[in-house]
Amino acid sequence: MSTGSVGRRWAKALFDLGEENKTLVGVVREVQRAADTWSESQELRVAMTNPLLPEKARRAMWDAIIRKIG
């Protein structure tokens, strides 16, 4: 499965969830903040794509970032 098709599936799932829960505007806002954070931080991109950093550590970093920008 290509990255594009996975991305489309995630996007559709988020859209459907936002519509179903009447929170689509909030979901879009959160996704935009996450995308902005990713694009603005080279350090974040390097850390999150580093295969030497365990997945658990990457997940903990991302969770902390989401809490901070959320």
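The values are calculated or read from the model by the stated rules, or taken from the named source; none is laboratory data. Owing to the predicted nature of the structure, the values given are computational and were not obtained by experimental measurement. No Cβ is skipped: glycine too gets one built from the backbone with ideal geometry, and neighbour counts run over all protein chains shown. In case anyone asks, the SASA skips ligands and DNA or RNA and just uses the protein heavy atoms, side chains included. Shrake-Rupley method; radii C 1.70, N 1.55, O 1.52, S 1.80 Å.
For (1) at negative phi; (2) open to solvent by less than 90 Å² (accessible area, probe 1.4 Å); (3) modelled with pLDDT under 90; (4) acidic (Asp, Glu), each residue gets a yes or a no:
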| site | (1), (2), (3), (4) |
| --- | --- |
| Arg9 | yes, no, no, no |
| Lys12 | yes, no, no, no |
| Glu20 | yes, no, no, yes |
| Gly26 | yes, yes, no, no |
| Val31 | yes, yes, yes, no |
| Glu40 | yes, no, no, yes |
| Glu55 | yes, no, no, yes |
| Ile65 | yes, yes, yes, no |
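Taken over region 23-47, residues that are closer than 21 Å to Ala13 by Cβ and either of a type in the set (A, V, I, L, M, F, W, C) or touching a strand residue (DSSP E or B) at 6+ places or on another chain (Cβ under 9 Å) (or both) amount to 8.
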